[in-house]
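Participant: Could you have a look at this structure, given as C-alpha cells, before my questions?
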Amino acid sequence: MEDSFGHHISYLRISVTDRCNERCAYCMPNEFQEWLPREGVMSYEEILRVVRIAVSLGVSKIRVTGGEPLTRRDVIPFIKRLRKINGIKELGITTNGTLLSQSVGKFKTAAAALAGAGVSTVNVSLDTLDERKYVAITGRPYLERVIEGLDDLIDAGFDKVKINTVLMRGRNDDELLDLVDFTHQRNLLLRFIEMMPVSTNDVLKESNFLPCGEVMKFLSDTFGGLEPSANYRTNGPATYYKISGRDQLIGFIGAMTNLHFCESCNKLRLTCDGKLRPCLGSHLEFDLLSEIRSGASDERIADFIREVVARKPKAHDFLSNYQPGRKMIAIGG
C-alpha cells in the first residue's frame, strides 16, 4: 500500500489495552482515566482478522503496544497466534518493563514467554535510573523491576533490546551519560525521544522540552564526536549515530525538530477500541471496529484500510498549534 505522498505502508502498531500499571505524566492525563469497558475493546479474534487482512495488503511488521500490553490477560497466547500469520516478517512489543520478570505459565519470566511466542524485538520505556525521579515520572516505585526485566530479556536471548528514553528538561537531562553507560554495559540500544504534545501542550514549554540537537551536541562534545550511521535502520523514525571510539549506537527520534521526520513514515495505528489512525500527530481516526461488528466482509475491511491509507497526511500537525485530543494512553505507545 502507498499513500498519495509516497509513504509505503508496511507497519501496523496495535494497542491491545488502554490500561497501564504506571501513570507517566506525558502519556496519561492528570484527571481520572476512565478505562474502556470490556465490550469496547477489540477481541483477540477481531485483531487477528484485521492483521491477516493487513498482511495481505503488504503489512509485514507488527508491534503490540498498550497502555501496558502485558496487563491484558492471555496476551502471550495472542502474540503466539500473531506470529503464525504468514507474511509477518517482524513482530515486536513495546512495554514499560515492569512485568517482564513475572512468571507466565510454564515460563519462569514473561521475557522468556515472549521469546517463546516468537517476538523478535522488544522496546522498553525507561526515562531515568534514579528511583526518586522514576517515582516522580511514572507514579510508581518500579525501577528495580524494570532493570530486572531488562536482564531477563538478555537472559531470554533478545539481541539489542531498545530502550526508549523521553527527553525532559529538568527531569532527566542530568542523566544522559548515566543512561549511555547503562545501556552500553548491557548492550542495549538507547534511543532518545523528543516529547510530543499528544496528551498535553505543557511538554513544549521551554522549561520542559529538550531537543535532540542539544543532546547530540552534548554527547559529541563529551565523547569527541558522533558518527552518522545512515545504513543502520530499525523500521522506525530513529536516526542513529555511533559514539566516536566506542562500539555503541545511539538513536534519536526528533518529531518536533527534524523537518524530515515524516518523509519515511510507513505505519498505521490500531487503537484497542478499534480506531484506525493514519498518523499519531493528527486527529484523523476511523472506526474500523464498527465496520467489523456490523458484519463487514474481508473485502470491505481491506477497502476500509486502503481508504485510511489514502487519507494519511503528508506530515504530522504537531508544529501547527496542535491541540491534544485523545491521550497517548488511549492511542497506544
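Participant: How many residues are loosely packed, with under 14 Cβ neighbours inside 10 Å, of a type in the set (D, E) and free of Cβ contacts under 8 Å to residues at least 24 places away in the same chain when one looks only at the range 288-302?
Facilitator: Residues meeting the conditions: 1.
Participant: Next question, about the same structure. Can you tell me which residue among R81, R72, R52, R63 is of a type in the set (K, R), touching a helix residue (DSSP H, G or I) at 6+ places or on another chain (Cβ under 9 Å) and within 22 Å of L150 (Cα to Cα)? Walk me through it before giving the result.
Facilitator: Working: R81 fails: within 22 Å of L150 (Cα to Cα); R52 fails: within 22 Å of L150 (Cα to Cα); R63 fails: touching a helix residue (DSSP H, G or I) at 6+ places or on another chain (Cβ under 9 Å).
Being of a type in the set (K, R), touching a helix residue (DSSP H, G or I) at 6+ places or on another chain (Cβ under 9 Å) and within 22 Å of L150 (Cα to Cα) holds for just one of R81, R72, R52, R63, which is R72.
Participant: As an exercise: evaluate L91 against (1) buried (at least 20 other Cβ atoms within 10 Å of the Cβ); (2) within 22 Å of F192 (Cβ to Cβ) and give the number of the one condition it does not meet.
Facilitator: (2)
Participant: Looking at C272, C265, C279 in this structure, which one is of a type outside the set (A, V, I, L, M), over 16 Å from D317 (Cα atoms) and surrounded by 21 or more Cβ atoms within 10 Å (Cβ to Cβ)? Spell out how you get there, then give the answer.
Facilitator: Numbers: C265 fails: over 16 Å from D317 (Cα atoms); C279 fails: over 16 Å from D317 (Cα atoms).
Within the list C272, C265, C279, the selection yields C272.
Participant: Do you know which residues across the range 139-192 are among the acidic types (D, E), outside any loop (DSSP other than H, G, I, E, B) and in contact (Cβ under 8 Å) with a residue 24 or more places away in the chain?
Facilitator: Passing the criteria: E148, D151, D152, D155, D178.
Participant: Would you mind stating whether L226 is of a type outside the set (D, E, K, R) and in contact with a helix residue (DSSP H, G or I) (Cβ under 6 Å, 6 or more places away or on another chain)? First the steps, then the outcome.
Facilitator: Details: of a type outside the set (D, E, K, R): yes; in contact with a helix residue (DSSP H, G or I) (Cβ under 6 Å, 6 or more places away or on another chain): yes.
Answer is yes for this residue.
Participant: Inspect all residues belonging to the range 70-89 and state whether any of them is in contact (Cβ under 8 Å) with a residue 60 or more places away in the chain, of a type outside the set (A, V, I, L, M, F, W, C) and over 15 Å from G157 (Cα atoms).
Facilitator: As a first pass, look at the range 70-89 and keep what is in contact (Cβ under 8 Å) with a residue 60 or more places away in the chain: 78.
Add one more test, that the residue is of a type outside the set (A, V, I, L, M, F, W, C), and what stays is none.
Checking the range 70-89: not a single residue is in contact (Cβ under 8 Å) with a residue 60 or more places away in the chain, of a type outside the set (A, V, I, L, M, F, W, C) and over 15 Å from G157 (Cα atoms).
Participant: Does D74 fit the bill of being among the charged types (D, E, K, R), surrounded by 16 or more Cβ atoms within 10 Å (Cβ to Cβ) and either over 18 Å from the mean Cα position of the chain (by Cα) or over 30 Å from N208 (Cα atoms) (or both)? Break it down into steps so the answer makes sense when it comes.
Facilitator: Values: among the charged types (D, E, K, R): yes; surrounded by 16 or more Cβ atoms within 10 Å (Cβ to Cβ): no; either over 18 Å from the mean Cα position of the chain (by Cα) or over 30 Å from N208 (Cα atoms) (or both): yes.
So D74 does not fit the description; no.
Participant: Among the residues of the range 195-233, what is the count of those that are modelled with pLDDT under 95, assigned to a helix (DSSP H, G or I) and among the polar types (S, T, N, Q)?
Facilitator: 1
Participant: Hey, G87 hits all of (1) modelled with pLDDT under 95; (2) of a type outside the set (F, W, Y); (3) at positive phi but one; which does it fall short on?
Facilitator: (1)
Participant: Testing V55 on (1) part of a loop (DSSP other than H, G, I, E, B); (2) of a type in the set (A, V, I, L, M, F, W, C); (3) surrounded by fewer than 23 Cβ atoms within 10 Å (Cβ to Cβ), one condition comes back false. Which one is that?
Facilitator: (1)
Participant: Looking only at residues that are among the charged types (D, E, K, R) and farther than 27 Å from F223 by Cα in the range 135-191, which one is surrounded by the most Cβ atoms within 10 Å (Cβ to Cβ)? Spell out how you get there, then give the answer.
Facilitator: Of the residues in the range 135-191, the ones among the charged types (D, E, K, R) are 140, 144-145, 148, 151-152, 155, 159-160, 162, 169, 171, 173-175, 178, 181, 186, 191.
Checking which are farther than 27 Å from F223 by Cα leaves us with 140, 144-145, 148, 152, 155.
Details: R140: 16, E144: 12, R145: 18, E148: 16, D152: 21, D155: 13.
So, considering only residues that are among the charged types (D, E, K, R) and farther than 27 Å from F223 by Cα, the one surrounded by the most Cβ atoms within 10 Å (Cβ to Cβ) is D152.
Participant: A follow-up question, please. Regarding the range 97-108, can at least one residue be identified that is in contact with a strand residue (DSSP E or B) (Cβ under 7 Å, 6 or more places away or on another chain), within 29 Å of N208 (Cβ to Cβ) and either among the small types (G, A, S) or surrounded by 23 or more Cβ atoms within 10 Å (Cβ to Cβ) (or both)? Spell out the reasoning first.
Facilitator: Of all residues in the range 97-108, those in contact with a strand residue (DSSP E or B) (Cβ under 7 Å, 6 or more places away or on another chain) come to 97.
Narrowing the set further to residues that are within 29 Å of N208 (Cβ to Cβ) leaves 97.
Filter once more, so that each one left must be either among the small types (G, A, S) or surrounded by 23 or more Cβ atoms within 10 Å (Cβ to Cβ) (or both): 97.
Within the range 97-108, one or more residues are in contact with a strand residue (DSSP E or B) (Cβ under 7 Å, 6 or more places away or on another chain), within 29 Å of N208 (Cβ to Cβ) and either among the small types (G, A, S) or surrounded by 23 or more Cβ atoms within 10 Å (Cβ to Cβ) (or both).
The values are calculated or read from the model by the stated rules, or taken from the named source; none is laboratory data. All figures in this text were calculated on a predicted structure; none of them were measured in a lab. Counting neighbours? That spans all protein chains shown, and the Cβs are built from the backbone with ideal geometry, glycine included.
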